[in-house]
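A short reminder: the numbers here are calculations on the coordinates, not readings from a lab. Just so it is clear, the model here is predicted, and its values are computed rather than measured. Cβ sites come from the backbone with ideal geometry, for glycine too, and all protein chains shown count toward neighbours.
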Amino acid sequence: LEPGADFAVVGFDDVVEAEHYMPALTSVAVDSAGLGERAAHVMIKMIQSRTTRAEDHIGAVNLVVRESCGPDRRTRNRPA
């Protein structure tokens, strides 16, 4: 079986190498540095307030579609 042809593969975090894999890896891109910074601020706040209450956070993500999801369905089944 071949990824991108027989089944789809999707990663998470869209590392720089993802576009260079064979096939190029479709991935969910997140702001890793921003998430780390937010986590540090939340930890400092928890330490200062002496609490273990977690905070919810919904951050922006972006789906970067590459070859590991298979052929472009818009071009499939078109006459040659």
Positive minus negative residues near residue 10 (Lys, Arg vs Asp, Glu; Cβ under 13 Å)
-2
Length gained, residue 20-residue 44, 0.36 nm per residue minus C-alpha separation, equals 4.9 nm
Hey, could you get me the Stokes-Einstein D for the range 10-69, Kirkwood radius over alpha-carbon pairs, 10 °C and 1.306 mPa s, rounded to whole µm² s⁻¹?
119 µm²/s
Net lengthening on full extension, residue 51/residue 10 (0.36 nm per residue, minus Cα-Cα):
11.1 nm
Given the peptides 4-14, 32-42, arrange them by the average over their residues of other C-beta atoms within 10 Å, most packed first.
4-14, 32-42
Using only DSSP helix segments of four residues or longer, with each worth -39500 (n - 2.57), what per-residue ellipticity at 222 nm results for the chain after dividing by its residue count and rounding to 500?
-7500 deg cm²/dmol
